[in-house]
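Notes follow the structure.
The values are calculated or read from the model by the stated rules, or taken from the named source; none is laboratory data. Please read these numbers as outputs of a predicted model, since none were measured by experiment. Every residue, glycine as well, gets a Cβ built from its backbone with ideal geometry; the counts of neighbours run over all protein chains shown.
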Amino acid sequence: MLLASPSNPTGTSIAPDELRRIHNVVKQRGGITIIDEIYLGLSYDDTFGHTALAIDDDIISINSFSKYFNMTGWRLGWMVVPEAMVGVVERMAQNLFICASTISQYAALACFEPESIAEYEQRRAQFKARRDFFIPALNELGLTVPVMPDGAFYAWADCTQAAHKLGVEGSWDFAFELMKRAHLAITPGRDFGTADTARFVRFSTANSMAQLQEAVSRLRQLIG
């Protein structure tokens, strides 16, 4: 079972008790729980932000320097696997990519310096402040975010009402209308599967607060 917590595109996490129940069912059926925790360091709620490895050593955790450590593009990450699987995973890795870049590995060492951690924590606080501004603004404009994101830097919004105001149907056409008429780039839901995604679009709050404020202003002029 492959899970992601916090996830892209919703920015929401699986509650610890629910994750434990899921893992127990998977384990009872002879399966393995693999969890993508790449956004774990960007959790904003104390309920979350804890690795699934606290539940069971049999879980496989996948993580990366890309998000919390802001090293996107350096192609460096890690897996934590059960002891019995270490040899198998090592052989698989040797046949897939041999090893991560030496330059990336040395660069990543600087991530653990106290000054670096302080910078990352400040950045995480900025992401939370952007979320606290942007999500209520979307809801006010009729771009309803059904669940408040507790991590990452995304907003998964229902665009049905807003699309009707622009005379279009579905998230794909709505995304193109925003590009043409407001010069705003968002991601249509169909990029993320088939579960009612025609109704949803993904906004990113990875930009500056000033840019997000400008985006809200343009949205308000167009659909407010």
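Residues in region 177-188 include at least one that is of a type in the set (Asp, Glu) and crowded, with 17+ Cβ neighbours inside 10 Å.
Listed here are the residues, each with its yes/no results for (1) touching a His at 6+ places or on another chain (Cβ under 6 Å); (2) in contact (Cβ under 8 Å) with a residue 60 or more places away in the chain; (3) closer than 30 Å to residue 196 by Cβ.
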residue	(1), (2), (3)
6	no, yes, yes
30	no, no, no
47	no, yes, yes
50	no, no, yes
54	no, no, no
73	no, no, no
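Pairs are defined by a Cβ separation below 6 Å, a sequence spacing of at least 6 or placement on different chains, a first member in region 137-156 that is free of Cβ contacts under 8 Å to residues at least 60 places away in the same chain, and a second member that is of a type in the set (D, E, K, R) and surrounded by 18 or more Cβ atoms within 10 Å (Cβ to Cβ); the pairs so defined are 144/158.
The number of residues in region 7-25 being closer than 14 Å to residue 61 by Cα and touching a helix residue (DSSP H, G or I) at 6+ places or on another chain (Cβ under 7 Å) comes to 1.
In the condition set (1) free of Cβ contacts under 8 Å to residues at least 60 places away in the same chain; (2) surrounded by 10 or more Cβ atoms within 10 Å (Cβ to Cβ), residue 98 is compliant with all but (2).
Residue-by-condition table, conditions (1) over 20 Å from residue 67 (Cβ atoms); (2) hydrophobic (A, V, I, L, M, F, W, C); (3) modelled with pLDDT of 95 or more; (4) more than 16 Å from the chain's Cα centre (by Cα):
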site	(1), (2), (3), (4)
124	no, no, yes, no
154	no, no, yes, no
163	yes, yes, yes, yes
172	yes, yes, yes, yes
181	yes, no, yes, yes
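Within region 164-181, being farther than 21 Å from residue 205 by Cα and either in contact with a Ser or Thr (Cβ under 6 Å, 6 or more places away or on another chain) or assigned to a helix (DSSP H, G or I) (or both) holds for 164, 165, 170, 173. Checking 115, 90 one by one, the residue that is over 24 Å from the mean Cα position of the chain (by Cα) and modelled with pLDDT of 95 or more is 115 and no other.
Of all the residues in region 135-151, those that are assigned to a helix (DSSP H, G or I), over 16 Å from the mean Cα position of the chain (by Cα) and not acidic (Asp, Glu) number 4.
Only residues that are assigned to a loop (DSSP other than H, G, I, E, B), over 9 Å from the mean Cα position of the chain (by Cα), within 29 Å of residue 129 (Cβ to Cβ) and of a type in the set (Val, Ile, Thr) were counted across region 1-48, and they come to 2.
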